[in-house]
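As structure tokens, the structure follows; a few thoughts come after it.
Any read-out appearing in this document is the output of simple, stated calculations on the displayed coordinates, not a laboratory observation. Everything quoted here is computed from the prediction, not taken from an experiment. Positions of Cβ are backbone-derived with ideal geometry, glycine not excepted, and every protein chain shown enters the neighbour counts.
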């Protein structure tokens with residue numbers, strides 16, 4: 001009886017989701033040429049603004065961590081305001097000012113009420129923080145010491161050590177190998193001047209994107225956008241991230257760390273945002289290890305054998321090929337068993353691809369779950385950032401379900417066999433030393 | 001020039017109503033409480049079912065049972081094979097998970113609003129028809145051991161916090177880890193879970209929270225349809241396990257070679273909203289909100305006193321925090337947490353944080369500080385409305401510990417009514433040394 005009910009539900013439940021029109025994205029350029037992506041969200045009297053730059057750790061150069069340091073110093077005062085004064089004035093408006101740096105991009109963001117009593121001073125302060133940062137010696141020293149403490153504590157974190165070793169193993173000399181938090185050597189060598197120079201090179205209007213979601217008319221959004229970026233120097237767009245060369249043979253790396261568990265990672269360079277295999281690989285991965293408890297890896301590793309609490313596989317699509325990673329954590333003495341099951345599950349998937357039923361289930365999850373990815377202002381801001389930064393078409397949100405729907409078993413098998421090569425994958429283990437059997 | 005541009009640019013802002021969202025509650029005849037909040041921005045819904053059971057309901061030797069049962073709730077039921085449940089949710093684009101804390105166990109789905117009936121069907125089924133299978137339990141115990149190793153045993157910070165809680169509380173069940181002591185996980189029996197399930201998984205021990213693109217009358221009909229037939233049952237009264245009065249400062253050093261960065265944690269035992277007019281006489285409601293304002297005065301953002309005076313200013317701390325749990329089921333903690341800068345000792349950091357308290361005990365916070373905090377609370381209250389999940393969390397977490405969820409609508413007004421003198425009063429009343437447990441987390445024991 002339950003079966004009947006649910007089959008019937010599948011039919012009529014998917015329909016309203018597909019019929020729901022995605023939010024309307026408006027795109028224009030500010031007077032000085034900064035692209036703006038905007039969605040009007042009139043329901044809640046708040047505004048989220050995010051200014052995005054190609055200024056992530058891929059641009060660290062010889063100084064890993066420089067992108068993070070620079071971003072961390074924005075908001076620590078302006079030319080005319082100390083950090084104390086800046087924070088006091090900003091928080092008096094109820095606004096939340098923040099930032100962040102990933103591999104490709106870095107940003108500053110502001111969340112404010114739209115009531116002009118609060119929004120006007122908040123936007124003015126955010127603009128000053130962005131265009132006239134202070135880079136004072138005492139703020140620099142503090143942020144650097146916080147980074148050093150972070151690096152120190154990471155030495156006891158198997159997860160952090162594993163991620164770093166993985167990036168190093170699959171990217172070698174490519175800038176994606178840079179640990180975004182820096183290294184002890186690079187952080188020790190930082191200077192305020194280096195941060196200022198990084199800022200002057202990358203936080204410029206020709207390298208910027210502005211994302212806005214909130215209770216604004218298009219006219220108000222246009223004026224705010226123009227004002228926010230008017231004082232950014234023009235500068236030049238950051239160079240493209242160099243293409244990634246897939247290592248000829250996968251490395252095996254073990255990091256000794258006393259503890260109960262071994263962390264296992266299997267990784268290789270994966271895909272770019274504009275990769276022609278994007279949809280076959282992402283939809284296929286949903287079957288392999290991206291769809292929580294129903295994915296193959298979860299079933300084999302956790303449900304059948306109790307080998308790990310969490311196990312997952314994912315592609316991180318970036319400007320150049322971002323990592324494809326399978327990871328789990330298991331009791332040290334079961335490390336070999338877990339490794340074997342991980343390899344076998346991947347090998348079987350590569351050989352056969354997903355079953356028709358599993359593919360259909362993955363499509364239903366991706367398509368049916370899509371509105372959950374854009375159902376509030378914060379999530380929409382994230383998506384607009386991706387669309388704008390990676391220059392995806394403006395109808396991406398509407399085109400996404402159709403692109404997922406079109407993927408076939410044969411396309412997935414083909415794309416995985418061409419692109420995922422177990423013998424080229426790095427294998428990382430972090431944990432206590434285990435004597436060979 | 002710049003200022004002029006800005007004032008021009010806001011002319012076209014749409015001001016919408018800031019009225020609180022519409023929330024309703026009704027109770028089925030079997031005692032199931034249903035709380036519905038409408039939000040029609042997107043065609044989605046969050047369904048959460050909250051059970052009044054968690055780590056603080058457990059007894060010595062049987063810690064971790066609530067959490068283990070939560071894991072088993074994703075297995076077989078009378079009408080659903082193992083995994084079918086998750087498969088159906090996934091196929092309809094849903095997300096599901098669950099979490100167990102000291103005070104409650106919560107299960108949730110997020111998906112298209114049209115699936116709300118299926119959420120109810122699934123939750124009603126596993127509320128009464130769970131099949132606890134020995135082989136599945138044996139496998140799940142392995143998973144839970146891995147979870148404990150991952151989250152606690154191999155994390156020096158988490159391990160230290162577990163130790164610290166066990167030293168802070170002497171008789172309160174908050175001394176127990178929610179995931180369970182390793183030895184308790186080892187000896188856990190399926191029968192322990194069965195007893196727990198029979199005792200606590202009943203409609204009159206649960207609260208259903210629905211937030212999203214739904215109509216309350218339809219939710220009422222659907223909840224009756226799916227949960228209405230489940231029988232009410234007696235839930236045994238929990239024995240009181242009040243914390244014995246603390247009579248002096250407690251101090252401990254937790255040494256672990258993996259603790260690479262020294263850290264200070266100080267716990268003070270303070271009342272929360274559940275203590276007002278109940279377990280302890282002489283506690284007024286305003287004191288709870290004054291403690292919230294006290295926490296914000298010290299650590300409510302980058303302009304609060306800790307950031308301004310300890311992290312910047314005197315440069316004593318790399319990080320310093322203050323947090324207060326005001327809505328727990330039992331009396332809980334006000335916690336200070338800090339990392340000293342290079343060359344500063346944990347003793348100096350402790351003295352600096354206590355110095356901040358002493359300042360507030362002598363002199364109330366300024367009007368400016370309170371104005372900033374109150375503006376922040378008004379704004380945060382509006383920002384929170386952006387997330388359906390946080391809205392549901394606020395409703396459920398209040399209701400499940402026996403608090404009136406309408407408190408969420410009074411929060412802003414309660415904070416706005418707090419005066420500088422009231423903040424000073426709670427600073428004086430609750431932060432005596434003999435109510436504190438102070439822990440130094442270090443990499444090696446001093447010789």
What ranking do B:60, A:312, B:409 get, fewest neighbouring Cβ atoms within 10 angstrom at the top?
B:60, B:409, A:312
Going by how many other Cβ atoms sit within 10 Å of their own, how do B:286, B:50, B:111, B:405 line up, fewest first?
B:286, B:405, B:50, B:111
Using a 10 Å cut-off around each Cβ of peptide A:250-262, what is the average number of partner chain Cβ atoms that fall inside?
2
Classify segment B:14-113 as rounded, prolate or oblate, taking a ≥ b ≥ c as the square roots of the eigenvalues of its Cα gyration tensor: rounded when a/c is under 1.5, otherwise prolate if a/b is larger than b/c and oblate if not.
oblate
Per-residue Cβ counts within 10 Å, from other chains only, averaged over A:293-301: what number is that?
2
For the protein assembly as shown, what proportion of DSSP beta bridges, expressed in % and rounded to the nearest 5, is antiparallel?
80
Pop the C-beta distance of residue A:249 and residue B:131 into the FRET formula with R0 = 41 Å and round what comes out to the nearest 0.05.
0.25
In whole Å, largest first, what are the principal axis extents of the Cα atoms in segment B:84-123?
32, 16, 14
Quick check: the angle from helix A:137-154's long axis to the longest principal axis of chain A, C-alpha only, nearest 10 degrees?
10
Cut-off 16 Å, label 7 Å out along Cα→Cβ of residue B:257, residues of segment A:139-165 by amide N
A:155-158
Shape of chain A, Cα gyration tensor, a/c cut at 1.5
oblate
Distance between the C-alpha centers of segment B:144-206 and segment A:282-353? Whole Å please.
28
Say R0 is 45 Å: what FRET efficiency, to the nearest 0.05, do residue B:351 and residue B:276 get from their beta-carbon distance?
0.85
Enter the angle in degrees (range 0 to 90, nearest 10) between the Cα long axis of helix A:158-171 and the first principal axis of the Cα atoms of chain A, meaning the one along which they spread out most.
90
Out of all Cα-Cα pairs in segment A:345-437, roughly what percent, to the nearest whole number, are more than 20 Å apart?
59
Over the Cα atoms of segment A:176-266, what radius of gyration and what Dmax do you get, in Å?
21.2, 59
Just counting partner chain Cβ atoms within 10 Å, what average do the residues of peptide B:256-265 show around their Cβ?
3
Long-range alpha-carbon pairs in segment B:243-385, meaning those over 25 Å apart, account in percent for 36
Crossing angle, helix A:396-405 versus chain A [Cα axis fit, 0-90 degrees, rounded to tens]
0
Structure-based [θ]222 nm, chain A - -39500 (n - 2.57) summed over DSSP H runs of at least 4, per residue, nearest 500
-13000 deg cm²/dmol
If N is the residue count of the protein assembly as shown, its Cα Rg over 2.2 N^0.38 Å rounds to 0.94
Compute the relative contact order of chain B as a whole-number percentage, counting only Cα pairs closer than 8 Å that sit 6 or more residues apart in sequence.
21
What does a probe at residue B:215 reach in segment B:97-122, counting residues whose amide N is under 14 Å from the point 7 Å along Cα→Cβ?
B:114
Give the share of C-alpha pairs in each 10 angstrom bin for segment A:282-437, from 0 to the last occupied bin, in whole percents, shortest bins first.
9, 34, 34, 18, 4, 0
Could you give me the radius of gyration and the Dmax of chain B, taking only the C-alpha atoms into account and expressing both in angstrom?
23.9, 74
What value, in deg cm²/dmol to 500, does the helix sum -39500 (n - 2.57) over DSSP H runs of n ≥ 4 give at 222 nm once divided by the residues of chain B?
-12000 deg cm²/dmol
In percent, how large is the relative contact order of chain A, given Cα pairs closer than 8 Å and 6 or more residues apart?
20
Would you mind estimating how fast segment A:83-132 diffuses translationally, via Stokes-Einstein at 37 °C and 0.692 mPa s with the Kirkwood radius over Cα pairs, in µm²/s?
290
On the principal axes of its Cα set, how long, how wide and how thick is segment B:364-442? Give whole Å, largest value first.
40, 34, 29
Computed on Cα atoms, Rg of segment B:62-187 relative to 2.2 N^0.38 Å comes out at 1.20
Counting pairs of alpha carbon atoms under 8 Å apart in space and at least six apart in sequence, what relative contact order in percent does segment A:68-213 give?
24
Report the FRET efficiency, 1/(1 + (r/R0)^6), for residue A:184 and residue A:357, where r is their Cβ-Cβ distance and R0 is 60 Å, rounded to 0.05.
0.75
Going by how many other Cβ atoms sit within 10 Å of their own, how do B:49, B:179, B:283, A:434 line up, fewest first?
A:434, B:283, B:179, B:49
Rounded to whole Å, give me the distance from the Cα center of segment B:314-341 to that of segment A:40-97.
25
Starting from 0.36 nm per residue, how many nanometres of slack lie between residue A:337 and residue A:434 once their C-alpha separation is accounted for?
33.6 nm
